[in-house]
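Here is the structure we will look at, set down as structure tokens.
The values are calculated or read from the model by the stated rules, or taken from the named source; none is laboratory data. Just so we're clear, the structure is a prediction, and the values are computed from it rather than from any experiment. Protein only, heavy atoms only, side chains kept; ligands, DNA and RNA dropped before computing areas. Shrake-Rupley method; radii C 1.70, N 1.55, O 1.52, S 1.80 Å.
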Amino acid sequence: MYVIKVKGVAKIPDYVQLRDEGFTLLAYFRVDRPDKSLEKIGLGDKAAYIMQIVQEMPFGQIKKIDV
């Protein structure tokens, strides 16, 4: 799975994209509100791990993670 952290501009907030190995979009959520999106795709139990990685990542970077 890939994580992409996208910097918002003006009134658009910062977002996170989760993509699979084929780079298909699995989830797209605000950095400050990940809960519902992660629950919806079955990763609610991994939310703390994913958000820790997101907080440490710089904007615009793509990172491969194993969940």
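Lysine pairs in the chain 8 or more apart or on different chains: how many have alpha carbons under 23 angstrom apart? Counting lysine pairs in the chain gives 17. Note that the chain presents 67 Å² accessible area per residue, ligands and nucleic acids not counted, probe 1.4 Å. The value of relative contact order for the chain, using C-alpha pairs under 8 Å at least six residues apart, is 38 percent.
Length gained on full extension, VAL6 to ASP66: 19.6 nm, using 0.36 nm per residue less the C-alpha separation. Multiplying the residue separation of ASP14 and ALA48 by 0.36 nm and removing their Cα-Cα distance gives an extension gain of 10.5 nm. MET1 exposes around 30 Å² of accessible area when a 1.4 Å probe is run over every protein chain in place.
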